[in-house]
Amino acid sequence: MRLRPLSAAAGVVGVLFLFPVGYLLIRTVTLGTDFGDILLSRATVQPLANSLAIAGGTALLAGILGTALAFLINRTELPGRRVLRWVLALPLVIPSFVGATAVLAAFGPGALVGFVPRFQGFWGALAILTLLTYPYVYLPVLSRLTSTAASLEDAARLLGDSPQQAIRKVVFPQTRGAISAGMLLVFLYGLSDFGAVSLMRFDTITRVIFASQLSNRSVSLTLGLVLALVALAVAAVNRWLPARRPPIATTGTRQIRYSLGRATLPVLIGVLAVVGVSLVAPIAVFVIWIVRGSATVGVGYSGLGDSVGFLGAPILGSAAAAVLAALAAVIVTLPVAYGSARRRSVLTESAGAAVTSLFALPGLVIAISLAFWAIRAPQPLAGLYQTLPLLILGYVLHFGAQALGPAQAAISAVPDRFDEAARTLGAGWWRRFRTVELPLIRPGLLAGAGLVLLSTLKELPATLILAPIGYETLATRIWGAAEDGFYAEVGITSLVLIVLSALLTWPLLIRRQILS
Amino acid sequence: MSRPAIVRRTAALLLGLALVSTACSSGSDTLTVYSGRTENLIGPLLADFTEQTGVEVEVRYGNSADLALLISEEGDRTPADVFISQSPGAIGFLGEAGLLGTIDENVLELVDPSFRSSSGSWVGLSGRVRVLVYNEDLIDGPLPESVFELTSPDYEGRVGLAPANGSFQDFVTAMREVHGDDVTLAWLEGMEANDAQTYTNNTAIVQAVGRGEVPMGLVNHYYNFRAQLEDPAIASENHYFADGDIGSLLIATAAGVLDGSEAQAEADQLLAFLLGETAQTFFSEETLEYPLAAGVAASAALPPLDTLNAATYDFDRLGGGLERTRELIDASGLEAP
């Protein structure tokens, strides 16, 4: 059988995404690790079960919340939806340790709002992770809904269905792929998270990975490997599930909006509550930190007067890294998305699983593995160590899954007959891609780029380890300030991060057709 | 302007910005530092050093343990000349791995032997004392004289700890040095049996104590001073255990020179600068740590160094033995909340 160029490209991309796992394998084997001993120990089993529980629970809740929000914004006459559809994407940019610290300072006995229970343990971690990760579902589903025009619903309504029936029977099935892709991302994020779960005092496998990273390399590396294998397995199952009927292509751009009737007010209050806890509460806490700390700051660079000036370089650093990472992630994963959507094979699906699985590894593990490979690479590749291209590669490896899912869903939704028609007319592949497919899949590519962009803006460990020396981002600034309790500085930098993400996602998600 | 042109120009602009913001000097008079101390706590000093000596300093900031791990994977190809660590644990790890060279004798002698490695692989820069931070609204009785009292029923469920954190592990290693593994394990098990509340790090404990979530916690003294600066109304205060108690251990932040460094002389020069009067005064006055050299006095806000009995522990052995310390913490079951 001849290997098609597309499959070959997908395979190459898949191999690229296996390098971090290769590092974990090499290191565990050379250390003479006793895998069975580590895996079956009491110190592993419970944290691993906890990780799976929090990741699964968060995926379920974020799946429901993200889907509901996308339908409300896109298919109803919810008041304020124009602003809300943009604001609802923003919690994704708040680093989980900052979000958790802020929510702890906002809610619970002794906090700003003292009459509510404190967020802690499993339920606290579940709530915070859900509120910070539902955009992984919300954005792809919103993009899918936007591409689903009214023709199907018209037909259902003409045949006598109520609006609820039309949504359930006709529109919802169109978004199933986007929902499950988004939930997979949330699940993998839940596995990789350390910041929120550790502040909620919920013990997961990432705690064991970090606590033993110097004192017992075998344990740390083996558990990193376990996380990668769990993610690979989940991604593989997700891919090999019986292929659903592909979405039906709809024509036209007109969309139907349904009135919420008497439910308008309660629903609006619910949506505002989500924004309130996930975005407004952290922002309020940041403002309080700034006001309270500004009178007494004295050490280092934390003087509020210096803040605006000293944030200039981190703002540029964050913006450049995030935009480049978003573009690179979309381009690098495109062959896999294409191969998987058009010429599904064991090779393309394995590559897809490899791409997806890396989102479950803590960023530090990916960063250290890239350092391991880059510094041992032959020249001139070794010259890339701690340069911007390697940092971008780190982001692409970590976040490629976010670009892959929406791209694949979008490509699957383009009927083959368009491509065939163009081919019959004698158009070459590049022309067919550019003039026929690209305009149709652009919303999906932009949704993926938006997710990678927001994730990169808050990324920390890979940036600290792999960035060119002296390269600063807002996230590294926030980390530096938080590490030693400079809360006023955490506050102002976090506010700038939220504003920057709002500005960067505006043209990407709002001005283009994706959300309009 | 058509859309593709906008895209192209934006991309070119961003790439340009990225290159400008990464452009770094590559002169020979450049020292590369991996710093586990954050920029707020050392950046101004490194700028002073460059101004005084003309030696450029390029710094990679990060978590001490993460950077130690990075250096161990980089091995002899590491670009780092100097490693600055928040705790002896991380720098001791590199010392044991044979990745640190020997610091110049004249630099070593700037610091009392108790605050440097006996093999000359690292020197202490500043000191942090272990304390019991407590919420003054929730405590109205005498506070414990010794960290060993915390296993008594009076403190059941009332003490916060950070077992996964480097400074707690250094404290446990010191306890093993002084009291032996059996006593240490018994204390750890006693804390677990007494329902000690586990947190992820020092700042999380200080914030929790400030909110009244837990009445007291074991942390480094520094974090509560910082919390009080950020929020003068916070109800948390530091309590120092009585003279000589292991609970008041003084832990050094430390620096070492990488074995393969080609800028050994400049590295020693930097360490000497950090042990000089300017830097030690900065540590004392700005970051409220204990100065360890140049005859600089500790801030009046802190108990005098000689009441802490810190200088009797062998800090070189404190750096090593991290693996055994982790085994004891794991065995005690303290980790899982």
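The values are calculated or read from the model by the stated rules, or taken from the named source; none is laboratory data. None of these values were measured; they are calculated from a predicted model. FYI the Cβ positions are ideal-geometry reconstructions off the backbone, even for glycines, and counts take in every protein chain you see.
Report yes if residue B:243 is surrounded by fewer than 23 Cβ atoms within 10 Å (Cβ to Cβ), touching a helix residue (DSSP H, G or I) at 6+ places or on another chain (Cβ under 9 Å) and at the interface with another protein chain (Cβ under 8 Å from one of its Cβ atoms), otherwise no. Answer is no for this residue. Listed by first and then second residue, the pairs linking a residue in region A:433-445 that is more than 14 Å from residue A:144 (Cα to Cα) to a residue that is of a type in the set (A, V, I, L, M, F, W, C), with Cβ atoms under 6 Å apart and 6 or more places separating them unless they lie on different chains, are A:436/A:418; A:436/A:422; A:437/A:414.
Results for (1) more than 19 Å from the chain's Cα centre (by Cα); (2) of a type outside the set (S, T, N, Q); (3) modelled with pLDDT of 95 or more, shown as yes or no for each residue.
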site	(1), (2), (3)
B:135	yes, no, yes
B:140	yes, yes, no
B:151	yes, no, yes
B:154	yes, yes, no
B:159	yes, yes, yes
B:169	no, no, no
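Step by step: first the residues of region A:184-222, then only those that are of a type in the set (Gly, Ala, Ser) and not in a loop (DSSP other than H, G, I, E, B), then the one that is nearest to residue B:199 (Cα to Cα). Which residue is that? Among them, the one singled out is A:198. Residue B:205 fails exactly one of the following numbered conditions: (1) crowded, with 21+ Cβ neighbours inside 10 Å; (2) not in a helix (DSSP H, G or I). What is the number of that condition? Unmet condition: (2). Annotation: of all residues in region B:49-65 being closer than 17 Å to residue B:282 by Cβ and hydrophobic (A, V, I, L, M, F, W, C), the one that is nearest to the chain's Cα centre (by Cα) is B:59.
Being within 14 Å of chain A (Cβ to nearest Cβ) and polar (S, T, N, Q), is that true of even one residue in region B:207-218? Yes, the conditions are met somewhere in region B:207-218. Scanning region B:211-229 for residues that are at pLDDT 95 or above and over 18 Å from residue A:198 (Cα atoms) gives B:215, B:216. When restricted to residues that are buried (at least 19 other Cβ atoms within 10 Å of the Cβ), part of a loop (DSSP other than H, G, I, E, B) and facing another protein chain (nearest Cβ under 8 Å), region B:223-240 contains 1. Scan region A:265-275 for residues that are farther than 19 Å from residue A:131 by Cβ and within 30 Å of the chain's Cα centre (by Cα) and the total you get is 1. Just one residue in the set A:84, A:78 is assigned to a helix (DSSP H, G or I), surrounded by 18 or more Cβ atoms within 10 Å (Cβ to Cβ) and away from chain B (no Cβ under 14 Å); that residue is A:84.
Residues that are of a type outside the set (S, T, N, Q) and not in a helix (DSSP H, G or I) within region A:334-376 comprise A:343, A:344, A:361, A:362, listed in sequence order.
A residue that is β-branched (Val, Ile, Thr) and surrounded by fewer than 18 Cβ atoms within 10 Å (Cβ to Cβ) occurs somewhere in region A:417-433.
Table: residues versus (1) over 28 Å from residue A:503 (Cβ atoms); (2) charged (D, E, K, R); (3) without any contact (Cβ under 8 Å) to a residue 40 or more places away in the chain.
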site: A:92; (1), (2), (3): no, no, no
site: A:97; (1), (2), (3): no, no, no
site: A:108; (1), (2), (3): yes, no, yes
site: A:128; (1), (2), (3): no, no, no
site: A:136; (1), (2), (3): no, no, no
site: A:151; (1), (2), (3): yes, no, no
site: A:164; (1), (2), (3): yes, no, yes
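Against the condition of a type in the set (S, T, N, Q) and touching a residue at least 12 places away in the same chain (Cβ under 8 Å), how does residue A:402 come out, does it pass? Considered against the rule, which asks whether it is of a type in the set (S, T, N, Q) and touching a residue at least 12 places away in the same chain (Cβ under 8 Å), residue A:402 comes out as yes.
Annotation note: of B:102, B:151, B:173, the sole residue that is surrounded by 24 or more Cβ atoms within 10 Å (Cβ to Cβ) and at negative phi is B:173. One residue stands out in region B:76-90 among those that are in a helix (DSSP H, G or I) and facing chain A (nearest Cβ under 8 Å): the one that is surrounded by the fewest Cβ atoms within 10 Å (Cβ to Cβ), namely B:77. Across region A:38-58, a minimum of one residue is classified as closer than 30 Å to residue A:375 by Cα, out of contact with any Leu (no Cβ under 6 Å at 6 or more places or on another chain) and not acidic (Asp, Glu).
Taken together, the residues in region A:354-392 that are away from every other protein chain (no Cβ under 14 Å) and either modelled with pLDDT of 95 or more or buried (at least 24 other Cβ atoms within 10 Å of the Cβ) (or both) amount to 8.
Consider region A:114-130 and keep the residues that are modelled with pLDDT under 95 and surrounded by fewer than 16 Cβ atoms within 10 Å (Cβ to Cβ). The one that is nearest to the chain's Cα centre (by Cα) is A:121. Screening A:273, A:263, A:181 for residues that are among the small types (Gly, Ala, Ser), in contact with a Pro (Cβ under 9 Å, 6 or more places away or on another chain) and either at pLDDT 85 or above or part of a helix (DSSP H, G or I) (or both) leaves exactly one candidate, A:181. Screening residue A:220 on (1) surrounded by fewer than 17 Cβ atoms within 10 Å (Cβ to Cβ); (2) modelled with pLDDT under 95; (3) not β-branched (Val, Ile, Thr) shows it passes everything except condition (1).
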